[in-house]
1. Lys and Arg at +1, Asp and Glu at -1: add these up for the other residues within a Cβ distance under 15 Å of residue 148 and post the number.
2. Taking a quarter of the surface of the convex hull around the Cα atoms of the range 148-187, what do you get in nm²?
3. What nm distance separates the two modelled labels at residue 138 and residue 50, each placed 7 Å from Cα along Cα→Cβ?
4. So what's the range 4-182 giving for Cα Rg divided by 2.2 N^0.38 Å, two decimals?
5. Of all the accessible heavy-atom surface of the chain, with the other protein chains kept in place and a 1.4 Å probe, what percent is carbon and sulfur?
6. Out of 127, 91, 176, any idea which swings most in a Gaussian network model of the chain, alpha carbons joined below 10 Å?
7. Output the peptides 26-39, 70-83 sorted from most to least packed, where packing is the average of other Cβ atoms within 10 Å over each peptide's residues.
8. Would you work out which of 58, 110, 81 lies farthest towards the positive end of the dipole of the range 56-187, given +1 charges on the beta-carbon of Lys and Arg and -1 on that of Asp and Glu, about the Cα centre?
Amino acid sequence: MPIGMVILGRQGSGKGTQAVRIAELFGVIHISTGDMLRAAVADGTELGLKAKSIMDSGDLVPDSVINGIVKQRLLKEDVQQGGFLLDGFPRTVGQAEALSSYVEDSLQLALNLDVPIDEVMARMLARGRDDDTTEAITRRLELYETDTAPLLEWFGQRGILKIVDGNGTEDEVFDRLVSVVDQIVRK
Ligand code: AMP
């Protein structure tokens, strides 16, 4: 498989927006687990019915559920041909371990979009998504610290973590991301 990347960052860090732009520029497939889950909720599938209340409360869908969904997506031809940028996955060390078993060496870069808590809180309240209640936001930020932040060390130990400053305008942040991805893609 061509290059595989993940983008980490607190919810509200702008990673979804940036992930779409990066994937387009580098010609890789953008895979957002949040978007996949929201689509399942909208379609009223069995997965969607299970996921909805979990998502509304700001909790995480169990690894056993989300890992299988991601594995199936990674096996599709477009990803096998084009490579991927995962957005919103992994969120736990268990998910990261599952991911590395699915993709092995093709996972070459973990971007962490770094934005302080106060700033992401303000941005999430401003975007006004259905699941963006104050309680759900607080819960998601808590879970980020306990479950997702340890991934920084996990990816760091594997030598593929790059921290990118997520403050500033969308274009400024995008330029920073592009220069980091460029270094890896051109190697
Ligand atoms: P997001 O769009 O990435 O903020 O995800 C929205 C919600 O979907 C999260 O608050 C979780 O409830 C759920 N979700 C998305 N990705 C994952 C994941 N990798 N593991 C567990 N839950 C997830």
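The values are calculated or read from the model by the stated rules, or taken from the named source; none is laboratory data. This is a predicted model, so every value here is computed, not measured. FYI the Cβ positions are ideal-geometry reconstructions off the backbone, even for glycines, and counts take in every protein chain you see. Side chains included, ligands, DNA and RNA excluded: accessible areas come from the protein's heavy atoms. Shrake-Rupley method; radii C 1.70, N 1.55, O 1.52, S 1.80 Å.
1. Taking every Cβ under 15 Å from that of residue 148, the sum is -4.
2. Convex hull of Cα atoms, orientation-averaged projection: 3.4 nm².
3. 2.9
4. Compactness ratio reported: 0.97.
5. With neighbouring chains kept in place, the figure for the chain is 51 percent.
6. Among 127, 91, 176, the largest GNM mean-square fluctuation belongs to 127.
7. 26-39, 70-83
8. 81
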